[in-house]
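Asks: Could you have a look at this structure, given as structure tokens, before my questions?
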Amino acid sequence: MSQREIAFIGGGNMARSLIGGLIQRGRKAAAIAASEPAQALREALAADFGLPAFADNASAADGAAVWVLAVKPQVMREVCVGLAALAQARRPLILSIAAGTPTRSIAAWLGYPAAVVRAMPNTPALLGCGATGLFANAEVSGEQRAQAEDVLGAVGITEWIASEDLMDAVTATSGSGPAYVFLLAEAMQDAAQALGLAPDTARALVNQTLLGAARMLVESGEPAAALRRRVTSPGGTTQAAIESFEADGFRHLVSRALQAAERRGRELAAG
């Protein structure tokens, strides 16, 4: 991408993470602009990253080939309508990271058949370890797909989703997924303390165990089931715990939780 190619509309935490990731991967700050109505956040963007930051959206978006809409879903319509004339003239790639906002709504608010990629990143993107599902509408070209991957790939992995209807499943799986891991960590720490471990010891052991297990999943390339079997000796302590999980319907609980998250995502999208 050439100079001033990417505009971030909204300068919150996720936008900052993406900007930081892009710059860390070699993107020049001059190639990125941002808009943010809050003065303190706007000044922080300019000071921390050395990029031009504006109070109004059009000033940041003008001249950029990719517009990253990083605003809250409830203001997305207002933002798109305000940028409609400029979008119709410039025809940028619209990359939305607003949860629950369909591509058809964004195109309708912009007033033309816009090329829109909808992205669902998750909070580990703040650490460069994100997982993002991407959906492209029919107007998005192959080059624009690569541009979307370039932006979201700056903070983790990306996976294309064939149908926009499946974005709620992405939200239920990876978008909300970090909270499930945090809940597991809470439960393990509470249980460890009930067994007599000191709170600090329980927290350290549980956190490092989850980190180590996650790295094994990612770096080994082996299925989770294979790794689980490898550490589950017949008749041992791990088998006793696994059998207790299974007897209490652990898999069913997880399935019901993801279904509930997906269902709520559909409800929110429908308004």
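Asks: Give the range 158-174 a look and list any residue that's touching a Ser or Thr at 6+ places or on another chain (Cβ under 9 Å) and surrounded by 14 or more Cβ atoms within 10 Å (Cβ to Cβ), or say none. Full working, then the answer.
Replies: As a first pass, look at the range 158-174 and keep what is touching a Ser or Thr at 6+ places or on another chain (Cβ under 9 Å): 158-159, 164, 170, 174.
Result: 158, 164, 170, 174.
Asks: For the range 179-195, does any single residue satisfy the condition of being closer than 30 Å to residue 67 by Cα, surrounded by 12 or more Cβ atoms within 10 Å (Cβ to Cβ), at pLDDT 95 or above and not assigned by TED's automatic domain parsing to the domain that holds residue 14?
Replies: Within the range 179-195, the first condition is being closer than 30 Å to residue 67 by Cα, and the residues that meet it are 179.
Now drop any that are not surrounded by 12 or more Cβ atoms within 10 Å (Cβ to Cβ), which leaves 179.
Now narrow it down to the ones that are at pLDDT 95 or above: 179.
Keeping just the survivors that are not assigned by TED's automatic domain parsing to the domain that holds residue 14 gives 179.
Checked the range 179-195: at least one residue is closer than 30 Å to residue 67 by Cα, surrounded by 12 or more Cβ atoms within 10 Å (Cβ to Cβ), at pLDDT 95 or above and not assigned by TED's automatic domain parsing to the domain that holds residue 14.
Asks: Let me ask something else. Might you let me know whether the range 1-20 holds any residue that is surrounded by 15 or more Cβ atoms within 10 Å (Cβ to Cβ), over 27 Å from residue 103 (Cα atoms) and in contact with a helix residue (DSSP H, G or I) (Cβ under 9 Å, 6 or more places away or on another chain)?
Replies: Among the residues of the range 1-20, not one is surrounded by 15 or more Cβ atoms within 10 Å (Cβ to Cβ), over 27 Å from residue 103 (Cα atoms) and in contact with a helix residue (DSSP H, G or I) (Cβ under 9 Å, 6 or more places away or on another chain), which makes the answer no.
Asks: For the range 197-271, list the helices (runs of 4 or more DSSP H) that sit wholly inside it and hold at least 2 residues that are at pLDDT 95 or above and farther than 21 Å from residue 179 by Cβ; which are they?
Replies: Where helices (runs of 4 or more DSSP H) fall fully within the range 197-271 and carry at least 2 residues being at pLDDT 95 or above and farther than 21 Å from residue 179 by Cβ, they are 199-220, 224-230, 237-247.
Asks: Kindly check whether there is at least one residue in the range 148-155 that is over 17 Å from residue 65 (Cα atoms) and buried (at least 19 other Cβ atoms within 10 Å of the Cβ). Walk me through it before giving the result.
Replies: Taking the range 148-155 as the starting set, the residues that turn out to be over 17 Å from residue 65 (Cα atoms) are 153-155.
From the residues that got through so far, the ones that are buried (at least 19 other Cβ atoms within 10 Å of the Cβ) too are 154-155.
Scanning the range 148-155 turns up at least one residue that is over 17 Å from residue 65 (Cα atoms) and buried (at least 19 other Cβ atoms within 10 Å of the Cβ).
Asks: For the range 108-129, which residues satisfy the criterion of being more than 17 Å from residue 170 (Cβ to Cβ) and assigned to a helix (DSSP H, G or I)? Let's see the steps before the verdict.
Replies: At the first step, the residues of the range 108-129 found to be more than 17 Å from residue 170 (Cβ to Cβ) are 108-115, 126-128.
Within the range 108-129, 108, 109, 110, 126, 127 meet the criteria.
Asks: When you check residue 109 against the structure, is it out of contact with any strand residue (DSSP E or B) (no Cβ under 9 Å at 6 or more places or on another chain), over 19 Å from residue 258 (Cβ atoms) and not small (Gly, Ala, Ser), yes or no? Give the derivation first.
Replies: Values: out of contact with any strand residue (DSSP E or B) (no Cβ under 9 Å at 6 or more places or on another chain): yes; over 19 Å from residue 258 (Cβ atoms): yes; not small (Gly, Ala, Ser): yes.
Considered against the rule, which asks whether it is out of contact with any strand residue (DSSP E or B) (no Cβ under 9 Å at 6 or more places or on another chain), over 19 Å from residue 258 (Cβ atoms) and not small (Gly, Ala, Ser), residue 109 comes out as yes.
Asks: Write out, first by first residue and then by second, each pair whose Cβ atoms fall under 6 Å of each other, whose residues are 6+ apart or on separate chains, and whose first residue, in the range 205-232, is in the same structural domain as residue 188 (by TED's automatic domain parsing) while the second is surrounded by 11 or more Cβ atoms within 10 Å (Cβ to Cβ) and not in a helix (DSSP H, G or I).
Replies: Listed pairs, sorted by first residue: none to list.
Asks: Right, here's the next one. Is it true that some residue in the range 137-156 is touching a Pro at 6+ places or on another chain (Cβ under 6 Å) and modelled with pLDDT of 95 or more? If you could, list the steps in order and put the result at the bottom.
Replies: From the range 137-156, those touching a Pro at 6+ places or on another chain (Cβ under 6 Å) are 139; that's our starting set.
Then keep just the ones that are modelled with pLDDT of 95 or more; that gives 139.
Yes.
Asks: For the range 1-107, list the helices (runs of 4 or more DSSP H) that sit wholly inside it and hold at least 1 residues that are in contact (Cβ under 8 Å) with a residue 12 or more places away in the chain and in contact with a Pro (Cβ under 8 Å, 6 or more places away or on another chain); which are they?
Replies: On the way: elements: 13-24, 39-49, 57-61, 76-90.
Those helices (runs of 4 or more DSSP H) span 13-24, 57-61.
The values are calculated or read from the model by the stated rules, or taken from the named source; none is laboratory data. Everything numeric here is computed off the predicted structure, so don't read it as measured data. As a convention, Cβ positions derive from the backbone with ideal geometry for all residues, glycine included, and neighbour counts pool all protein chains shown.
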